[in-house]
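Enquirer: To start, I am sharing the structure in question, which I have written as structure tokens.
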Amino acid sequence: MATRASDGAGPVSPHTGAQHGGITSGHGGVGRILALDGSADRRQRLDAAIDGIRPRPEHIVDLQHLSPVGRASDIGIALVGVDPPDAGSAALDTIATLTARGFTVLCYGDGASGWPLGAHCRLLLAGASCLIDSTAASFATEIRDSVEQWCSSEAERFDEEQRLQREMLASGVVGASARMITVFRWVKRVSALSDIPVLVAGETGTGKELVARAIHARDPRRSAGPFVPVNCAAISAGLAESELFGHRRGAFTGADHDRQGLVRAARGGVLFLDEIGDLDVALQAKLLRVLQERRLLTLGEDHEVPVDVRVIAATNRDLEAMVAAHLFRADLFHRLNALSVKIPPLRERPEDIAPLITHFLARYADPGAGRQVSAPTRGFLEALSGAELPGNVRQLENVVRRAIVNRRAHQPLTLSDLPPELWFELAQRTPVTLPAPVSSSTALVPVGASDQRALEPAATWLDNEAALGAAGWKLRRALALCEQTMVAAALDASHGNRARAARLLGISPRSIFNKMRKHRLTA
């Protein structure tokens, strides 16, 4: 039966690791080495081949003994002993499930070098990285070299990510998720391209200006120059041209002195144009001239002057859609989009919530004012992880700051320290009763139209007015609850086999793993 993760009340550290289901986490960032093989003879040959490798392999009988992945260091390499795949799909399901969880899967089988090409291809399609013949004389060398090479590359990757996270913190960018580490890796790469514009996209509150400042700080040519932020949405339409490009005294009524403008104020550094989608169309042409020719014409001047500035633009709007609707110049979009990145919203990187809370607690703790805050309780963390937070990191920061002010002195932050609007939101999302498990005769129906029979109990949820009421009659919440129910029903129908559940729903194993994480479901 698929269930939600259980609540906890005691204080926890957002960075504290734990064992999971009796299988310990990896060592030194290398991760875990799993071994799954139903053949005792092959297991002995495997153990002899990789004897002495650290971390030690963890032998598990099947995926029922594999606990949910909790941290990046829980993910590793899986050594899977297989028989010719024509015998059944169990091995393919195992490989697909492990791959969906993020494991690198290395397969080996007796006589594999003589298997049909199609058998190799089916394993590769399921997610295996390679297939080694376990009866070949070179088996021990091949399998050991593959595992050692993986361990070495994982250790290097771990060290690099630790360095990146330290650099991120120094720049005010907090995150432990793979997606934010990828964003920061991109920041380091593009920072040196000093003359190329940058476009940073993302929802409100995701930290677009922090990313822009990180690029400026790492630009070898411009880091010593100014960083000039401009909110395009806040500039008065009548004064925008003068604000950006400057004017000469007497250029218009009220121009009683020269003004250099924000573009020239950023010479030698970075001009950060926030909410570029709100820039007036007439000014877009003039900005394009600055980007293309590196020259600008001040109001009241007869000649253009050169300007050396790097433009970083940010937007929370879909500029491509605006181009299609003729609301944004296509040529300016393509010029800005030469180097672009999208910062993922907080709901797509929930593993960043705990480090962010720790960061904000450290920022706003003030022992002199009695605001020394200990680690939050699990309930506090889970509540914020389950909240929608449409304002992303900015909203999370405000919630934590309010909680610090409202909390009882010298006590850990708890659910009661959160604002009432969050209580209301979470109360409205009280889980509806999930469908009862379907019978085994219904669970293993063949792939096809008849699969719908396995999901029929979930379909009755759509007619349940009480369930819609639990969603507050909000379409997005109702759809999320429906998705949660359907995924849970598919997992029940497949007895927790993620690969079969994915086939039932017509999605990939990786997608069902992501949806299980999203709804905090376990098989």
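The values are calculated or read from the model by the stated rules, or taken from the named source; none is laboratory data. Predicted model, so just to flag it, every value in this text is computed and none were measured. We place every Cβ from the backbone using ideal geometry, glycine too, and count neighbours over all the protein chains shown. Heavy atoms of the whole protein, side chains included, go into the accessibility calculation; ligands, DNA and RNA do not. Shrake-Rupley method; radii C 1.70, N 1.55, O 1.52, S 1.80 Å.
Enquirer: So which of R498, R520, R503 ends up being in contact (Cβ under 8 Å) with a residue 60 or more places away in the chain and either over 19 Å from R349 (Cα atoms) or β-branched (V, I, T) (or both)?
Expert: Answer to the selection: R498.
Enquirer: If you don't mind, there's one more thing I want to ask. Return the only residue of S194, S138 being open to solvent by less than 70 Å² (accessible area, probe 1.4 Å) and without any contact (Cβ under 8 Å) to a residue 24 or more places away in the chain. Explain how you work it out, then say what you get.
Expert: Working: S194 fails: without any contact (Cβ under 8 Å) to a residue 24 or more places away in the chain.
Sole residue among the options that is open to solvent by less than 70 Å² (accessible area, probe 1.4 Å) and without any contact (Cβ under 8 Å) to a residue 24 or more places away in the chain: S138.
Enquirer: Sticking with this structure for a sec: For the stretch 141-191, name all the residues that are aromatic (F, W, Y), buried (at least 18 other Cβ atoms within 10 Å of the Cβ) and either within 16 Å of V341 (Cα to Cα) or within 20 Å of the chain's Cα centre (by Cα) (or both).
Expert: The answer is F184, and nothing else.
Enquirer: Open to solvent by 40 Å² or more (accessible area, probe 1.4 Å) and at pLDDT below 80: does that describe G261?
Expert: no
Enquirer: Could you check the stretch 206-222 and list, in sequence order, the residues that are open to solvent by less than 10 Å² (accessible area, probe 1.4 Å) and assigned to a helix (DSSP H, G or I)?
Expert: Listed by number, the residues that qualify are V211, A212, A214, I215.
Enquirer: A325 is checked against (1) at pLDDT 90 or above; (2) open to solvent by 60 Å² or more (accessible area, probe 1.4 Å) and fails just one. What number does that condition carry?
Expert: It is condition (2) that A325 fails.
Enquirer: Could you go through the stretch 241-255 and let me know if any residue there is in a helix (DSSP H, G or I), closer than 19 Å to S194 by Cβ and at pLDDT below 85.
Expert: No, that holds for no residue.
Enquirer: Please find, within the stretch 49-58, the residue that is surrounded by the fewest Cβ atoms within 10 Å (Cβ to Cβ) out of those that are part of a loop (DSSP other than H, G, I, E, B) and at pLDDT 85 or above.
Expert: Looking only at the stretch 49-58, we keep the residues that are part of a loop (DSSP other than H, G, I, E, B), and these are 50-57.
Going one step further and asking which of them are at pLDDT 85 or above, we end up with 50-51.
On the way: I50: 19, D51: 11.
The residue in question is D51.
Enquirer: Looking at (1) under 30 Å from R294 (Cβ atoms); (2) at pLDDT below 90; (3) among the hydrophobic types (A, V, I, L, M, F, W, C), which one does A201 not meet, given that it meets all the others?
Expert: (2)
Enquirer: Right, another one. Report yes if A214 is at pLDDT below 90 and of a type outside the set (S, T, Y), otherwise no.
Expert: Taking the combined requirement at face value, the residue does not satisfy it.
Enquirer: Shifting gears a bit: Regarding the stretch 223-234, can at least one residue be identified that is surrounded by fewer than 19 Cβ atoms within 10 Å (Cβ to Cβ), at pLDDT 90 or above, in a loop (DSSP other than H, G, I, E, B) and among the hydrophobic types (A, V, I, L, M, F, W, C)?
Expert: yes
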